[in-house]
1. Pull out all pairs, ordered by first then second residue, where Cβ-Cβ is under 7 Å, the residues are six or more apart or on different chains, the first lies in the stretch 19-41 and is without any contact (Cβ under 8 Å) to a residue 24 or more places away in the chain, and the second is polar (S, T, N, Q) and surrounded by 15 or more Cβ atoms within 10 Å (Cβ to Cβ).
2. Any residue in the stretch 50-63 that is out of contact with any Cys (no Cβ under 7 Å at 6 or more places or on another chain) and at pLDDT 85 or above?
3. Take the stretch 182-232 and flag every residue that is under 40 Å from the mean Cα position of the chain (by Cα) and not polar (S, T, N, Q).
4. So, restricting to strands (runs of 3 or more DSSP E) that lie completely within the stretch 161-265, which ones have at least 2 residues that are in contact (Cβ under 8 Å) with a residue 12 or more places away in the chain and more than 23 Å from R138 (Cα to Cα)?
5. Does the stretch 31-40 contain at least one residue that is in contact with a Gly (Cβ under 7 Å, 6 or more places away or on another chain) and modelled with pLDDT of 75 or more?
Amino acid sequence: MEFPDLGLHCGFEGCNQLDLLPIGCSHCGVVFCRHHAPALAHECSKVPDNIVKEKKNSSSFKCHFDGCNTNDAIEMNCIVCRLHFCLEHRHHGCLDGTRKDKWQAPKLQFNRAKAETDKVVDGKLKATSNRALANKIRLMKLKRVAVGDNHIPVVDRVFFCVAPPVGTDGGPQHESRAIFVNKQWPVGRAVDSISKRLKLNNRNNETGAPKLLLFSSQGEILATKRDTTIESLVQDGILTDGDSLILETMTQEELDAGKTTFLKSPDQLAKYKWA
């Protein structure tokens, strides 16, 4: 038994199928079967155009620097000339003289200070280099003529140019000599060896007699304790291989009083000569 009044016919041309559950198009309102209900299936002419419309050009700001074609979305005007410049040309030399001087002054001061510092550093480096070279040459000369105990291993030898005590007449008793000692020796033994090479009368073992001691070329005592080793003085930077030294006397009373130099006046150093 048929029910011709039930359902509706599909509105798509060429279909006209009776559908008990027809579907109406939400755009054109026409009823379609389930096959042609989608707007695309029946080529619905009422569907809104989904093509994205071309976006209108937004505002842009062209850089005013000569030869620059950069466009920016944000305007960045110079506080002096009020013109727009891109980030690359934001420093375009438009600052007034006062502000420019304000910005340039610290830079100029820094450059001047840096130049002076570089000059001082270069001078010190040059002086240090020259001094190191001079010390190396002096040490080479000392090694050629130095005397000492030949039983000392070569690796343990340290070389000095030693000026002897000044004579009572104001002149040197003996010529200075290049002498090597064992760096493992205590200062007392080094003094004994040096005084022997200089042919000096060593009375260090006599109670109350003046003591022969080693001093720097500036007249400062190297060590107040005779058991201090030469190596420890080198390690502490008090001595350097190739140094010029003075062998002089001090009384026990002067040592007990804590004196660290035999000098009575700075002019006294001029009497000591090193070869």
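1. That search, which allows pairs on different chains as well, returns C33/Q17.
2. yes
3. K183, F215, G219, E220, I221, L222, A223, I230, E231, listed by residue number.
4. Passing ranges, in order: 211-216, 244-250.
5. yes
The values are calculated or read from the model by the stated rules, or taken from the named source; none is laboratory data. Remember, it's a predicted structure, so these values are computed and weren't measured experimentally. So basically every Cβ, Gly included, is an ideal-geometry build from the backbone, and we count neighbours across all protein chains shown.
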